[in-house]
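What follows is calculated from the coordinates using simple rules that are stated; it is not laboratory data. Computed from a predicted structure; not experimentally measured. Here Cβ is always computed from backbone atoms with ideal geometry, including for glycine, and neighbour counts include all displayed protein chains.
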Amino acid sequence: MPAFTLVTFGCQMNQHDSDRIGEVLRGIGYEEVAEPVHADLIVLNTCSIREKAEQKLRSEVGRLGLLKQRKPGLVIGVAGCMAQQEGERLARRMPQIDFMLGPDNILELPRILAEVELGAPPPIRTVFDLNAPTFLSALAEPGRTGATAFVTVMKGCDERCTYCVVPNTRGPERYRAASDIIDEIRRLVVAGVREVTLLGQTVNSYRDPAGSLALAPGAGETHFEHTRRAAALQDESEFPALLRDICERVPDLARLRYTSPHPRHLTWSLILAHRDLSALARHVHMPVQSGSDRVLKRMLRRYSIAEYEERATALRSAVPGLTLSTDVIVGFPGETRADFEATLGLAERVRFSGFFGFTYSERPNTPALKLPDDVPELEKRARLEEIFALTDRHRREHLQSLVGQNERVLGERRGKNGDFMGRSEQNEIVHFAFEGDAIAQMLPVTITEAYDNSLRGVVQAGFTGLPRASMIGKAPSRTVRRALPVVSGA
Ligand code: SF4
């Protein structure tokens, strides 16, 4: 039986694509092996959002090239955003690569491998499926599925943030029919999945191409001070309606997350969905990128800091205890010390529970290339260190504040030391011991200790859990709605 190894770089979308690539390969008789040295086929599923990811790919291909010299039949393929963006150029520069596969071309993999076997020049398949978008579903097999799963609801991006390669590497926005999304989630839940994360580049710009969703409460309304009614009416997002439909039609789904929302589509209606749907996790990852309006304009982010903050405040008013995490780029062209201090100020006011910071780097074919990359690298690094010092402190203080609290933790996997690891509703990693199988159980855990990036807790006395086989297909239903006052705005 031929063997393959998959190496994944980048985001959850890439992880989701890698899972589908693995399923296609298993479907044509390959088995997965962990070590490249035992593989006949190695697929590098790449990311091009940061310069470092590209460097990583180059060194990985170089290393695998040495393996190929010892094992001439080895096939090396590059998939994902780098293949999409740099297909021809990379194939010319790196003769070790046997094929290139864009994110929309995964189903063509068997044919590509057949061409490689026949000795064809490196096939490059990087065509967007603009006319008939396909969304690959996970194979939901009872007993083989984990406790959590990703489900794609849209792909591509119509924003044009000036630093970002995604509109080039993933194409324009395309949406999946709500009925397909719900069918996939239902199958996953029957197979034992307890938590689903909806995926999309701007997941909350989702619209149902089949037009099947009812208008969600609050659609077209705004009670924000900084978002005018005209702008709210122009927002055609149906994401809140999709969330409500999923919770209504798959009531056994224990927990629902989504990533990544664009702040400008974080509508009043979406905040009401958070207020009403208890399955929605008490955590939102809301990328801000900068705390300076001047920089946000140059990034073409299409919101102001006042708009961002009033959404953060409204979310937290709707769902007490809701945590926010974010992404920030420091050293964007023209970012002054005062701009950077505005970002520090925002972090101090919002107090993110999770923070992902990056230094700006020029990316190919992006509008920001027209702006001089004028913040010295040393200064970018210093700013990043400074904001990490602040946000690390916020994170530690947040984790410490949870000691003594009771959390609902979904068991995800068992560590080497025999303890389990799971996530709380607020997306915190929690370690705990448990007699029996905690995977896919929703456990009541009292937090006893805070580490730098995670928590330790004990499962409350008397909770014995259920054998996993008995939960598959009949996870305990939870449709209790939060009895909270209507949000009064920011
Ligand atoms: S919203 Fe902006 S940063 Fe996000 S994927 Fe689209 S262009 Fe890139």
key: Derived scalar couplings ³J(HN,Hα) [the range 171-179; Karplus, 6.51 cos²θ - 1.76 cosθ + 1.60; whole Hz; x for Gly, Pro]   = x, x, 5, 9, 10, 9, 4, 4, 5
task = Please tell me the relative contact order of the chain in percent, rounded to the nearest whole number, where contacts are Cα pairs under 8 Å and at least six residues apart.
result = 12 percent
remark   = Taking only the alpha-carbon atoms of the range 3-125, the convex hull volume per residue, in cubic angstrom, is 93 Å³
remark   = The size of the Cβ-based charge dipole (Lys, Arg +1; Asp, Glu -1) of the range 310-419 about the Cα centre, to the nearest 20 debye, is 540 debye
inquiry  = To make sure I understand, if each residue's beta carbon is the centre and we count other beta carbons within 10 Å, what order do 161, 11 fall in, fewest to most?
reply    = 11, 161
query = Which percent, to the nearest 5, of DSSP beta bridges fully inside the chain are antiparallel?
reply = 35 percent
key: Vicinal HN-Hα couplings computed from phi for the range 451-461 (Karplus, 6.51 cos²θ - 1.76 cosθ + 1.60; Hz; Gly/Pro x)   = 9, 5, 10, 7, 10, 10, x, 10, 5, 4, 4
query = Taking only the alpha carbons of the range 406-459, what extent do you get along each of the three principal axes, in Å, biggest first?
reply = 25, 21, 16
query = Going by Cβ distance under 4.7 Å, what cysteines of the chain have no possible disulfide partner?
reply = 11, 47, 81, 157, 247
key: Principal axis box of the chain, alpha-carbon based, largest edge first, Å   = 66, 59, 46
remark   = Expected sort for 162, 464, 169, 145 with the fewest Cβ neighbours (10 Å cutoff) up front is 464, 162, 145, 169
Label-point separation in nm, residue 429 to residue 401, each point 7 Å along Cα→Cβ = 2.2 nm
query = Once phi is turned into θ = phi - 60°, what whole-Hz ³J(HN,Hα) does the Karplus curve with 6.51, -1.76 and 1.60 give for every residue of the range 420-437, x standing for Gly and Pro?
reply = 9, 10, x, 10, 7, 4, 8, 6, 8, 6, 10, 9, 7, 9, 7, 7, x, 9
task = Could you tell me the distance between the Cα centroids of the range 38-54 and the range 379-393, to the nearest Å?
result = 28 Å
task = Pull out a ≥ b ≥ c, the square roots of the eigenvalues of the alpha-carbon gyration tensor of the range 111-171, then state rounded if a/c is under 1.5, prolate if not and a/b is larger than b/c, and oblate in the remaining case.
result = oblate
query = Taking the Cα centre of the chain as the origin, how large is its charge dipole in debye, to the nearest 20, when only Lys and Arg (+1) and Asp and Glu (-1) carry charge on their Cβ atoms?
reply = 240 debye
query = Ranked highest first by average number of other Cβ atoms within 10 Å, how do 175-187, 451-463, 228-240 line up?
reply = 175-187, 228-240, 451-463
ask   = How far is the Cα center of the range 1-18 from the Cα center of the range 285-337, in Å?
value = 31 Å
query = What relative contact order, as a whole-number percentage, does the range 3-125 give when Cα pairs under 8 Å and 6 or more residues apart are counted?
reply = 24 percent
ask   = Could the peptides 294-307, 109-122 be put in order, highest first, of the mean number of other beta-carbon atoms found within 10 Å of their residues?
value = 294-307, 109-122
request  = Search the structure for amide H atoms under 5 Å from the amide H of residue 402, placed 1.01 Å from N in the peptide plane, and list their residues when 5 or more places away or on another chain.
outcome  = none
request  = Compute the length gained on full extension between residue 313 and residue 158: take 0.36 nm times their separation in residues and subtract their Cα-Cα distance, giving the result in nm to one decimal.
outcome  = 53.1 nm
ask   = Out of residues 5 or more away from residue 355 or on other chains, whose amide H comes under 5 Å of its own, with H placed 1.01 Å from N in the peptide plane?
value = 326
note = Using alpha carbon centers only, the range 169-202 is separated from the range 56-107 by a whole-angstrom value of 29 Å
message = Using a 7 Å offset from the Cα along the Cα-to-Cβ direction at both residue 118 and residue 134, what is the distance between the two label points in nm, to one decimal?
response = 1.9 nm
task = Report, in debye and to the nearest 20, how large the dipole of the range 3-125 comes out about its Cα centre when Lys and Arg carry +1 and Asp and Glu carry -1 on their Cβ.
result = 500 debye
query = Given a Förster radius of 35 Å and the C-beta distance between residue 451 and residue 111 as r, what FRET efficiency does 1/(1 + (r/R0)^6) yield to the nearest 0.05?
reply = 0.15
query = Amide H of residue 102: which non-local residues (sequence gap of 5 or more, or other chain) have their own amide H closer than 5 Å, using H built in the peptide plane?
reply = 125, 126, 127
message = I want to check the label-to-label distance for residue 463 and residue 379. Put each point 7 Å from Cα in the C-beta direction and report it in nm to one decimal.
response = 5.0 nm
remark   = Expected unfolding gain across residue 31-residue 63 under the 0.36 nm per residue rule, minus the alpha-carbon gap, is 9.3 nm
message = Within a 10 angstrom radius of the beta carbon, how do 94, 286, 100 rank from fewest other beta carbons to most?
response = 94, 286, 100
message = Per-residue counts of other Cβ atoms within 10 Å, averaged by peptide: what ranking do you get for 273-283, 246-256, highest first?
response = 273-283, 246-256
query = Put +1 on the Cβ of each Lys and Arg and -1 on the Cβ of each Asp and Glu in the chain; which of 457, 205, 171 then has its Cα farthest toward the positive end of the dipole?
reply = 457
